[in-house]
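Asks: Mind having a look at this structure? Questions to follow.
What follows draws every value from the coordinates through simple rules; no lab data is involved. Here the structure is a predicted model, which means the values were calculated and not measured. Positions of Cβ are backbone-derived with ideal geometry, glycine not excepted, and every protein chain shown enters the neighbour counts.
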Amino acid sequence: MLQADSETGPNQSGSTEQLLADAKRSILFTAVRPELVMERGEGMYLWDTIGNRYLDFIGGWAVTCLGHSPAAIREAVAEQAETLVNASPAFYNKPMIELAKLLTQLSGYDKAFFASSGAEANECAIKLARKHGALRLGGAYEIVTAVNGFHGRTLATMSATGKAPWQELFAPKLPGFRHVPLNDIDRMRDAVNERTCAIMLEPIQGEGGVHEADAGYLRKLRELCDERGLMLIFDEIQTGFGRTGTMFAFEHAGVCADVMTLGKGIGGGFPLSAMLATKEFDLFEPGDQGGTYIGQPLAMAVGLAVVREIINRKLHANAKAMGEYAKERLHAIKDRYGLSAIRGKGLLLAFDLGVPRGAGLVAECLAEGLLINSPAPQTIRLMPPLIAEREHIDDMLLRLGRALDRLFS
Ligand SMILES: *Cc1c(COP(=O)(O)O)cnc(C)c1O
C-alpha cells in the first residue's frame, strides 16, 4: 500500500535522525545497531552520515580484505557490468571458468563450486558429505563438528554450528550432527561410528573467539578420516585468502582436507563464496546441487580481481608481518590493562579482558573512532583489512588505549 504522506513517504531531508527513524520503522529487527548510519568507505576507514571517521578493525566481518571501495573491485564491477551481468547458471561464462582455474591452481584442489554466502558453500559441503555417505558408506549421514565452531545461519549450518545457545533455537534441528571439543582426538574417535560420513571444522575458529586447531590434531583427523573413509571438510570461510598470514590456514599445519569452503575475503565485500573439492569427491549428479547465482559473472569477475590482488600484492605476507607487530604492541600494554591470551595468526587476532566487558569496550572504541568486535563477553577480536600498515596498528593501539582507560576509570 503506497502512502505519500510525510510519515511514511520516502525520506526527503536525509538527516541522520530521519534516516534512523526510517530504519527503525522499516527494517526488521534482528540486531542492536549503534545510532549511526555508515555512508562511505575508503581503504582502512569508514565514514558515517555526519562525517565521523572510523578506523576499521572489523573489516566488514573479516571480509573487506583489500580495504573499502578498492580500485580492483570498482574496476572489475564496472567492466563486467558493461559486458555481462547474468547469463543464468545454465551456461558457462568466462570469469566463472577463469576463477575456478585460479582457485584450483592456488589451493591444490581439483574442482570448484560457487555460491553467494558462506552458509551456502557449507550447505554444499554438507550435501556432498551425505552423498559420499550414501554412495560409499552404506547410507552414513552424520557429520562431526567442533564445539564452538561456526558454520552459518541456514538451518543445516546452524545445526552444524557448535554454539551451545543455538542448540534450542528454531527446533527441531536438522538431525545428523554431533559436536565434540576441539583438539581432543579421543573424543573425536568416540564420536565417529558407522553412521559417520564426515568431519567438519575450522582450522582456526573465528566466531568462537579465535581458537586454533593444533597441527597435530589436524594430522590425526586426516589419519582418522583415511582409516574410516570419511570426508574431511575445512571451513576456511574466515581464515582463507591471506587472513591468517598464509593463503589458506591449512598451510600452517600442512594438512589437506577433501573439501574446503571459502567465503568472506574471496569477494572483498561482494557476496561470493566457493566450495573446493578433490576430484575423488566430484560426486554430484545433475539436479543434486545448484542455485540462481551459481557462477554469477559479476561475482566471478570480482572474485578474480580480489584474489589476483591478494597474490600480486602478497597481502598474506603483509597480514603475517602486521599480525606479529600488532601482537607485540598488545603484549606491551597487557599488564597495564589486565589483558590476557593474546592469540591468533596474521590479521585474525584476539585477546581476553580480565572482566566480561567486551560490549562496553566496543562502545568506548566506537566513540574513539575505532571499530572492533567482541565475539564473547570477555573477548575482543581484531580482523582489519589485509592492507593494514604499521601506522594503522599504532593508531588502533592509541585509540584502544584511550578506550581502555575510560572503561576502567
Ligand atoms: C562467516 C562464516 C560462515 C558463514 O558465512 P555467511 O557468508 O555469513 O553465510 C561460515 N563459516 C565461518 C567459519 C564463518 O566465519
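Asks: Can you give me the relative contact order of the chain as a percent, contacts being Cα pairs under 8 Å and 6 or more apart?
Replies: This gives 21 percent for the chain.
Asks: Also, quick follow-up: Enumerate the lysines that residue 279 could reach by cross-link, defined here as Cα to Cα under 19 Å, with residues fewer than 8 away along the same chain left out.
Replies: Straight-line reach from residue 279, under 19 Å: 101, 111, 127, 131.
Asks: Something else: If we sort 104-116, 351-363, 374-386, 238-250 on the protection proxy, mean other Cβ atoms within 10 Å, highest first, what's the order?
Replies: 238-250, 374-386, 104-116, 351-363
Asks: Same structure again: If the cut-off is 17 Å between C-alpha atoms, which aspartates and glutamates fall inside it for residue 220, apart from same-chain ones fewer than 8 positions away?
Replies: List returned: 184, 186, 190, 202, 212, 251, 258.
Asks: Give me the lysines in straight-line cross-link reach of residue 163: C-alpha distance below 17 Å, same-chain residues under 8 apart excluded.
Replies: Excluding near neighbours in sequence, the set is 173.
Asks: Let me ask something additional. Relative contact order for region 322-409: what percent, with Cα pairs under 8 Å and sequence separation of 6 or more?
Replies: Relative contact order for region 322-409 comes out at 29 percent.
Asks: Another question, then. Quick one: 3J(HN,Hα) in Hz for region 57-71, Karplus 6.51/-1.76/1.60 with θ = phi - 60°, rounded, Gly and Pro as x.
Replies: 3J(HN,Hα) across region 57-71, in whole Hz: 9, 9, x, x, 6, 6, 10, 7, 5, 8, x, 8, 6, x, 4.
Asks: Explain nothing, just compute: Karplus ³J(HN,Hα) = 6.51 cos²θ - 1.76 cosθ + 1.60, θ = phi - 60°, for every residue of region 114-127 in order, whole Hz, x for Gly and Pro.
Replies: Values per residue, Gly and Pro as x: 10, 8, 9, 10, x, 4, 5, 5, 5, 4, 4, 5, 5, 4 Hz.
Asks: Would you mind checking which residues have amide H under 5 Å from residue 163's amide H? H placed 1.01 Å from N; only 5 or more apart, or other chain.
Replies: Amide H neighbours of residue 163: 148.
Asks: Enumerate the amide H contacts of residue 273 below 5 Å, restricted to partners 5 or more residues apart or on another chain; note that Pro and chain-start residues carry no placed amide H.
Replies: Close amide H contacts, sequence-distant or interchain: 115, 116, 117.
Asks: Under the Karplus relation 6.51 cos²θ - 1.76 cosθ + 1.60, θ = phi - 60°, what is the ordered set of whole-Hz ³J(HN,Hα) values for region 135-142, x standing for Gly and Pro?
Replies: 7, 10, 10, x, x, 4, 9, 7
Asks: Hey, how many Å between the Cα centroid of region 268-298 and the Cα centroid of region 62-131?
Replies: Cα centroid of region 268-298 versus Cα centroid of region 62-131: 8 Å apart.
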